[in-house]
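Take a look at the structure below.
Bear in mind these aren't lab numbers, they're just calculated from the coordinates by the rules spelled out. Just so it is clear, the model here is predicted, and its values are computed rather than measured. Every residue, glycine among them, receives a Cβ derived from its backbone with ideal geometry; neighbour counts consider all protein chains shown.
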Amino acid sequence: MDGHKPIPIHDLRKANALENKDQWLKWRKEGIGGSDSAAARGKGKFKSTLELFWEKTSSFQREPKNWETLLCGQLLEPYARRMFSFKTGLRVIELPYMYQHPDHPFMLADLDGLVMMPDGSMAILECKVINAFTKKYYGTKENPKLPYQYEAQVRHYMCVMDIDVAYVIAIYGNTRNDVIIRKVTRDIKYEKIMIDELEEFWQHVQNNEEPGMFEDKDPNLLIKALEEKKYVDGTIELPYDPFKSLLEQYDMLMEEKEVKKQELSKIDQSLDRIKAYFINSLKGADDTRYDRGVIVHDDEKIILNYEQKEPKVTFNVESSQRLAEMYPDIYQKFCTVQKQSPRFSLKKENLKKGERYNHKYI
């Protein structure tokens with residue numbers, strides 16, 4: 001513990017995620033916040049390192065698909081603070097400032113609250129709103145867990161604020177029982193590694209040089225971010241040598257994928273054969289067919305279910321076009337245009353023979 005004093009640099013009562021958001025986003029460009037910490041180190045669950053770099057160095061800002069969940073979390077922060085006090089008996093105060101680490105000014109902290117501990121010390125409070133499906137990632141009382149994204153966030157805050165304890169309260173309902181509280185204690189070894197990794201990322205930001213894009217835990221995050229970039233209709237010629245090894249890897253993996261697809265196809269055929277046998281067996285002596293069956297063996301009951309679904313209404317492209325032409329007002333009122341994800345393909349042509357083959361990225 002170095003005993004430093006964090007520096008308050010911005011008053012969040014003047015700008016935050018709910019009010020004067022553009023100014024708040026400008027402030028966030030001044031450094032790396034706690035919610036950025038995992039992504040800056042290639043360990044983000046919601047954002048890639050390269051996407052974070054774009055946010056810090058340009059006007060790029062991908063609109064979150066779960067915006068209503070984020071809004072709910074922001075609006076329920078006061079409720080979460082009060083619920084934490086109710087559950088623990090500890091007083092929580094709101095801290096409406098953005099703080100900066102005095103020795104590592106690229107590290108920022110925007111806290112949900114401070115907990116007044118019985119011994120006079122303070123702890124950090126981070127509030128989360130989750131749902132019944134994601135609460136499993138917090139473990140149980142006997143085996144408590146915390147999603148890495150949020151552990152990284154509070155460890156970042158502890159480092160900036162020079163505080164040794166943090167609490168995460170996760171709300172997943174509207175009663176006192178729909179609450180999970182997890183405690184995190186400071187780890188100086190972790191902080192040293194974190195600071196080095198964050199400093200490396202911030203050096204890229206200051207130099208306006210993109211960091212390595214293939215270091216992320218989940219490369220699909222990068223693909224999702226790349227979809228939001230603007231592309232012109234045209235062709236760019238790329239040099240062969242820098243891509244030689246990637247092209248070889250791509251071919252090898254596509255061949256391996258094709259072999260696996262054939263293996264899976266055979267497995268699916270075998271499964272379908274068994275399914276057909278079971279479905280055909282769901283009939284009585286009078287040839288009446290049932291949508292469910294039961295097999296009892298010793299103390300085990302095996303349930304077969306051949307669920308009958310209601311007819312599904314669909315519109316093909318031709319029907320949609322006819323609707324738009326004949327009833328444009330109705331079409332505009334009830335039809336939603338959804339952006340389609342671009343599809344990557346890799347084609348090779350023999351320049352002498354004119355032969356080509358095509359690999360599609362799906």
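I'd like to compare 298-306, 119-127: which one has the highest average count of other Cβ atoms within 10 Å, and what's the full order after that? Working shown, then result.
Values: 298-306: 8.9, 119-127: 17.9.
Listed from highest to lowest mean packing, they are 119-127, 298-306.
Can you give me the Cα centroid spacing of the stretch 183-252 and the stretch 286-311 in angstrom?
50 Å
Quick one: of the DSSP bridges fully inside the stretch 7-227, what percent are antiparallel, nearest 5?
Values: 22 of 29 bridges.
Once the DSSP bridges in the stretch 7-227 are tallied, antiparallel ones form about 75 percent.
If you put +1 on each Lys and Arg Cβ and -1 on each Asp and Glu Cβ, how big is the dipole of the chain around its Cα centre, in Debye rounded to 20? Each step should come with its number before you reach the end.
Numbers: 57 positive and 59 negative charges, 160 e Å.
It comes to approximately 760 debye.
Using the alpha carbons of the stretch 241-334, what is the convex hull volume per residue in cubic angstrom, as a whole number? Working shown, then result.
Values: hull volume 28.2 nm³, N = 94.
Per-residue hull volume (Cα only) is 300 Å³.
In Å, what is the Rg of the alpha-carbon atoms in the stretch 7-227, and how long is Dmax?
17.0, 51
In terms of Cα to Cα distance under 17 Å, which lysines are near enough to Lys192, apart from those fewer than 8 places away along the same chain?
Lys43
When a footprinting reagent is the concern and you count Cβ atoms within 10 Å, what order do Thr336, Thr288 take, fewest first?
Working: Thr336 4, Thr288 8.
Neighbour counts put them in this order, fewest first: Thr336, Thr288.
Over 26 Å between Cα atoms, which of Lys47/Lys230; Lys224/Lys333; Lys21/Lys145 qualify? Spell out each step's value before the answer.
On the way: Lys47/Lys230 19 Å; Lys224/Lys333 29 Å; Lys21/Lys145 32 Å.
Cα-Cα > 26 Å for Lys224/Lys333; Lys21/Lys145; rest within.
Can you spot the aspartates and glutamates whose alpha carbon is less than 12 Å from Lys348's alpha carbon? Ignore those fewer than 8 places along the same chain.
Asp251
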